[in-house]
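Q: This structure is in structure tokens; I'll ask about it shortly.
A short reminder: the numbers here are calculations on the coordinates, not readings from a lab. It should be emphasised that the depicted structure is a prediction, and the values quoted were computed from it without experimental measurement. Every residue, glycine among them, receives a Cβ derived from its backbone with ideal geometry; neighbour counts consider all protein chains shown.
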């Protein structure tokens, strides 16, 4: 019986020892990609950072591209898990807390985010990026809104999710502009605007 499964070109182990080694390799890859980018990073450096034989890296990830794609898939899975968790508690929190949680999503998992976002640009065409990230976020945000306000029609939740995601992206982009005069005040304004918008759109 095989001790590994093939997913997107990666050979992922079933046994715990192999899973630990893959986790170490992925952590090393995230660090190297975050420091150097996909183009400059090498499999040799990644194996060395993980203190693993180069053959072990190629055993699980036959190319740098497969390794990069696995990191992207794992990051998407982390974001989906965060949104699922928010959906389970959405009904019990106020709008301000909900908006803070939504805004935090795009800033969470900073190590994975730093490594993965450049990979998304390098490895995915625009249509794939839209399907992988934007569609997932819109679908999950709509589910969060309907979990909080069950009477909200499906189409209304979908439309609202489009606006909320744009506000989330604006806040995240602004957060990246360190040293920008007035940044803190602008972030508070975006937060307040989102709270007001959701209070109007998602009334019980």
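Q: To test your reading of the geometry: what angle, between 0 and 90 degrees and rounded to tens, separates the Cα axis of helix 95-105 from the longest principal axis of the chain?
A: Relative to the chain, helix 95-105 is tipped by roughly 20 degrees.
Q: Related question: Rounded, prolate or oblate for the stretch 69-201? Axes are the square roots of the Cα gyration tensor eigenvalues, ordered a ≥ b ≥ c, and the cut-off for rounded is a/c under 1.5.
A: Note, shape of the stretch 69-201 comes out oblate.
Q: Hey, what number do you get for the chain at 222 nm if only DSSP H runs of n ≥ 4 count, each worth -39500 (n - 2.57), divided across all residues, to the nearest 500?
A: It comes out at -24000 deg cm²/dmol, rounded to the nearest 500.
Q: Right, something else. Relative to the longest principal axis of the chain, what angle (0 to 90°, nearest 10) does the C-alpha long axis of helix 64-89 take?
A: 30 degrees
Q: With 10 angstrom as the radius, rank 54, 190, 46 by how many other C-beta atoms surround their C-beta, starting from the fewest.
A: 54, 190, 46
Q: Separate question: Return one number: the angle in degrees, 0 to 90 and rounded to the nearest 10, between the long axis of the Cα atoms of helix 135-148 and the longest principal axis of the Cα atoms of the chain.
A: 50 degrees
Q: Fewest Cβ neighbours within 10 Å first, please rank 132, 88 accordingly.
A: Ordered from fewest to most neighbouring Cβ atoms within 10 Å, 132, 88 come out as 88, 132.
Q: If a/c stays under 1.5 just call it rounded; otherwise compare a/b with b/c (prolate if a/b is bigger, oblate if not). Do that for the stretch 29-71, with a ≥ b ≥ c from the square roots of the Cα gyration tensor eigenvalues.
A: Because a/c hits 1.5 or more and a/b fails to exceed b/c, the stretch 29-71 counts as oblate.
Q: While we're here: Taking a ≥ b ≥ c as the square roots of the eigenvalues of the Cα gyration tensor of the stretch 158-204, is the shape rounded (a/c under 1.5), prolate (a/b larger than b/c) or oblate?
A: Cα axes put the stretch 158-204 in the oblate bin.
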